[in-house]
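The values are calculated or read from the model by the stated rules, or taken from the named source; none is laboratory data. Note that the structure is a prediction, hence the values are computed from the model and not measured. Quick reminder, even Gly has a Cβ in these numbers, built from the backbone with ideal geometry, and neighbours come from all protein chains shown.
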Amino acid sequence: MDFSDSAEEAKFRAEAAEWLQANAPTDDEIKGLDEMAQAKLWQKRKVDAGWACIRWPKEYGGRGATAIEQVILNDEQSKVKSPSTQFFSIGQGMAAPTLMTWATEEQKRRYLPKLASGEEIWCQLFSEPAGGSDLAALRTRAVKDGDDWVINGQKIWTSGAHYSDWGILVVRTDPDVPKHQGLTYFFVNMHSPGVEIKPIKQLSSASNFNEVYFTDVRIPDEQRLGAVGQGWQVALTTLMNERASIGGTRSAGQAQSLLKLAATLEIDGEPASKNKAVRSRVADWYAKEAGLRFTGYRSMTAMSRGEVPGPENSIGKLVAAPMAQDLASFALELQAQAGVIYTPLDESFDNMFQHNYMNIPGGRIAGGTDEIMANIIAERVLGLPQEPRVDKGIPFSDVPTSGGKS
Amino acid sequence: MNFEFSEEQNLLREQARGFLADNCSMKVVRQALESDSPFDADLWRKVAEMGWTATVIPEEFDGLGLSYLELSVIADELGRAVAPLPFSSSVYLATEALLAYGSPEQKQNLLPRLASGEIIGTFAMAEVKGEGAINTTGTDKISGTKLAVPDADIANICVVVVKSDQGDGASLCLVDLDQAEVSKEVVYTLDPSRSHANLTFNSASAELLGKEGEGNAAVENLFNRAAVLFAWEQTGGADTALEMAKEYALGRYAFGRPIASYQAIKHKLAHMYVNNTLARSNCYYGAWALNTNAPELPLAAATARVSAIQAYYYAGKENIQTHGGMGFTWEFDCQFMYRRSQLLAATLGGEAKWQEKLVTALETQAAA
């Protein structure tokens, strides 16, 4: 048991660090560029040199690297000041693995390299007003018309729809069979006529998500992934990757930030960091964060041995999101009256706990609610049975919904 | 990155689990709980024959000279079996105290016998409810009373914390319990599968262990080391509670279906799994720190200890809850983990103490 790299890993780390330091865009290079232009510049440079999407096969823009090499690269990347490339994360993290599994060879060669380089941005069109945790209850319809499908309906919670070129889309092609069997998976050009995007203003004042409306949008049949009616199976490929990418990265170091904050505040004439109630909470939260970190190390070890990480990885989001919310709330209360001062959209340290407090409610829901994550652990890790479902085996059109029948 | 046990250590785990399945089933735990005999002497002999009591003792003292990673594996498995053995007292505390502070003569005299399981050791500190003044005094003749010392009625030797007017105010003494000047009063406890006794020393013969006036520092160090191993036992026990709750929930039907299909139960078990996983991962780090004598040991130990106390408590109580009324009966085994979780949390000091130690360690680290 030790924390050092193997000889090969150390060599890879050194190479990655050297390249990143030598090639991260300088202040002069990005001067005057907006965030998106900065991101595209950096992403293109990385992919050209083989330092982006490294786990992908070479012919699609990657370098066939191992999972542990990806972890090492992320680690080194985090040490280098460079533009954020978060615009590409949904496409690369979710759309790409789905294309990799389900698209034709020709499609992979057409779409994946541009996805890797940031030239084309992808979004995910899954959730609907009537289909969230129960995603398969979605109602956006696709009807075949010649060689095309005609799409009508509404998607919601679509991050980055307004700057995306393509979207992965699940729709209902047959409402008269049980709900999972009537779905089909497509990818759609977001610039198609009939696609309308409206930002959603969140309770935090930010707008990270959109509603996307489809009115007679035409999609050629060759943009279908998997067979007609096989959409649920294809969607599972995407969802498994979503949970992996949203996983336990949140909130690292929060307990220590809280302790640092407490040292600057007073309770009863003493530094709040000396208050036993504060210390007790810091200890609990630190123990959780440490547990997540070391669980991650165990997964990395499995990866480094060429194994698939075990299901213990699935606990990250379920632990980190509610904890960060409780911690933020506690940190605000410690500031007493000043804790209510909030500048929306300011992500600086002084505003960090306010920012978290106002944004984490979304984190506990996106990519699988706390409750769904607990179900996943119960069912896939512990092997417990599903709840009986009243919609099982009956045509989707007969399933009761909030607004009557589907 | 290699944050996993080696193949040999995993083999040891398999062997230990198989041995305990054969020799320390829940029936054996129940026998210890229900019988008058204070522990399972036969099982102790077998465990000693397997070499477990000798794990980290160097070969020059007839030990196996293995590492704390092997001992962690054994602790995990003993915890999982809720073994009715004085292992934690003898191995994590008494043996560790001798290894760290024993003179060459003391080591030569006692370590081979601790290694072979011929003698059992324990550790005595508390004299009052909670943490309070130590009033036991003396170094070569000691007098005083120690409260509810784990495994004291079966132990042969005891490391005793005594008051000192030098240094940090305490010293460690080594006391042979088989002498007329030591009286043992067996006390009935929350977990009778591990017997306890009040020890009274009436000018009992003793010898210093380590230096006079360095007892508090020694206790701090010994407890940090033991905390990692206790945390492994706690995590192992918590996993047993989860396993038991799961099996019962799968087999128990209510309203026409297994209760394991209700989200109220599924989420409870999922949270047990989450707590146990976090505690286990913290134990890994604790084992690494213990094994390498890392400066991070105080933080690693406290982190493992806090999460393991919480995980075992939660799993122990919610296992009973999952069983419904049957979980509250004497006949069912749920009580074993509920009892043991409290015993292991109390020995070495409970959650509040270790939360404080954790934050102190964080501050020390930040200042360094």
Over segment B:219-268, the set of residues small (Gly, Ala, Ser), more than 30 Å from B:GLY286 (Cα to Cα) and within 30 Å of the chain's Cα centre (by Cα) is B:ALA249
Quick count over segment B:318-338, residues being assigned to a helix (DSSP H, G or I) and buried (at least 16 other Cβ atoms within 10 Å of the Cβ), is 11
Looking at segment A:97-115, I want the residues that are among the β-branched types (Val, Ile, Thr) and have a partner that is modelled with pLDDT under 95 with Cβ atoms under 7 Å, at least 6 apart or on another chain. Which pairs are those?
A:THR98/A:THR237; A:THR98/A:THR238; A:THR101/A:THR237
So is B:ALA294 more than 14 Å from chain A (Cβ to nearest Cβ), under 22 Å from the mean Cα position of the chain (by Cα) and surrounded by fewer than 24 Cβ atoms within 10 Å (Cβ to Cβ) or not?
no
Quick check on my filter: what residues within segment B:68-88 are closer than 17 Å to B:GLY18 by Cα and of a type in the set (Ser, Thr, Tyr)?
B:SER72
Which one is nearest to A:SER82 (Cα to Cα) among residues in segment A:1-49 that are in a loop (DSSP other than H, G, I, E, B) and touching a residue at least 60 places away in the same chain (Cβ under 8 Å)?
A:ASP5
Tell me, please, whether a residue that is under 30 Å from B:THR136 (Cβ atoms) and more than 7 Å from chain A (Cβ to nearest Cβ) can be found in segment B:233-242.
yes
Looking at (1) more than 16 Å from B:LEU229 (Cβ to Cβ); (2) within 18 Å of the chain's Cα centre (by Cα); (3) of a type outside the set (S, T, N, Q), which is the one condition that is false for B:ASP151?
(1)
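If we only count helices (runs of 4 or more DSSP H) wholly inside segment A:289-406, which ones have 2 or more residues that are closer than 25 Å to A:THR238 by Cα and either acidic (Asp, Glu) or more than 14 Å from chain B (Cβ to nearest Cβ) (or both)?
A:352-363, A:370-376
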Checking A:PHE88 against (1) in a helix (DSSP H, G or I); (2) out of contact with any Gly (no Cβ under 6 Å at 6 or more places or on another chain), only one condition comes out false. Which one?
(2)
Criterion: under 29 Å from B:VAL160 (Cα atoms), at the interface with chain A (Cβ under 8 Å from one of its Cβ atoms) and either crowded, with 17+ Cβ neighbours inside 10 Å or out of contact with any helix residue (DSSP H, G or I) (no Cβ under 9 Å at 6 or more places or on another chain) (or both) - qualifying residue of B:SER281, B:SER341, B:SER307
B:SER307
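Looking only at segment B:251-270, which residues are of a type outside the set (Ser, Thr, Tyr), at the interface with chain A (Cβ under 7 Å from one of its Cβ atoms) and in a helix (DSSP H, G or I)? Give the derivation first.
Of all residues in segment B:251-270, those of a type outside the set (Ser, Thr, Tyr) come to B:251-252, B:254-260, B:263-270.
From what is left, the residues that are at the interface with chain A (Cβ under 7 Å from one of its Cβ atoms) are B:257-258, B:260, B:263, B:266-267, B:269-270.
If the condition is that a residue be of a type outside the set (Ser, Thr, Tyr), at the interface with chain A (Cβ under 7 Å from one of its Cβ atoms) and in a helix (DSSP H, G or I), then B:ALA260, B:GLN263, B:LYS266, B:HIS267, B:LEU269, B:ALA270 are the ones that fit.
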So how many residues does segment A:167-219 have that are in a strand (DSSP E or B), basic (Lys, Arg) and in contact with an Asp or Glu (Cβ under 7 Å, 6 or more places away or on another chain)?
2
So, of the residues in segment B:99-135 that are aliphatic (A, V, I, L, M) and without any contact (Cβ under 8 Å) to a residue 40 or more places away in the chain, which turns out to be surrounded by the fewest Cβ atoms within 10 Å (Cβ to Cβ)?
B:ALA133
Quick one: in segment A:254-288, which of the residues that are touching a residue at least 24 places away in the same chain (Cβ under 8 Å) and not in a helix (DSSP H, G or I) is nearest to A:GLN354 (Cα to Cα)?
A:LEU265
Condition set charged (D, E, K, R) and in contact (Cβ under 8 Å) with a residue 40 or more places away in the chain, scope segment B:16-35, selection nearest to B:PRO192 (Cα to Cα): answer is B:ARG30
Quick check on my filter: what residues within segment B:1-55 are part of a loop (DSSP other than H, G, I, E, B) and within 14 Å of another protein chain (Cβ to nearest Cβ)?
B:MET1, B:PHE3, B:GLU4, B:PHE5, B:SER6
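Okay, residues lined up against (1) modelled with pLDDT of 95 or more; (2) closer than 18 Å to A:MET303 by Cβ; (3) within 14 Å of chain B (Cβ to nearest Cβ); (4) surrounded by fewer than 12 Cβ atoms within 10 Å (Cβ to Cβ):
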residue	(1), (2), (3), (4)
A:SER6	no, yes, yes, no
A:TRP19	yes, no, no, no
A:ALA22	yes, no, no, yes
A:LEU41	yes, no, no, no
A:GLU59	no, no, no, no
A:GLN70	no, yes, yes, no
A:ASP75	no, yes, yes, no
Is there a residue being under 21 Å from B:SER171 (Cβ atoms), surrounded by fewer than 19 Cβ atoms within 10 Å (Cβ to Cβ) and not β-branched (Val, Ile, Thr) anywhere in segment B:146-154?
yes
Please work out if B:GLY349 is more than 8 Å from chain A (Cβ to nearest Cβ), of a type in the set (Gly, Ala, Ser), at positive phi and in contact (Cβ under 8 Å) with a residue 24 or more places away in the chain.
yes
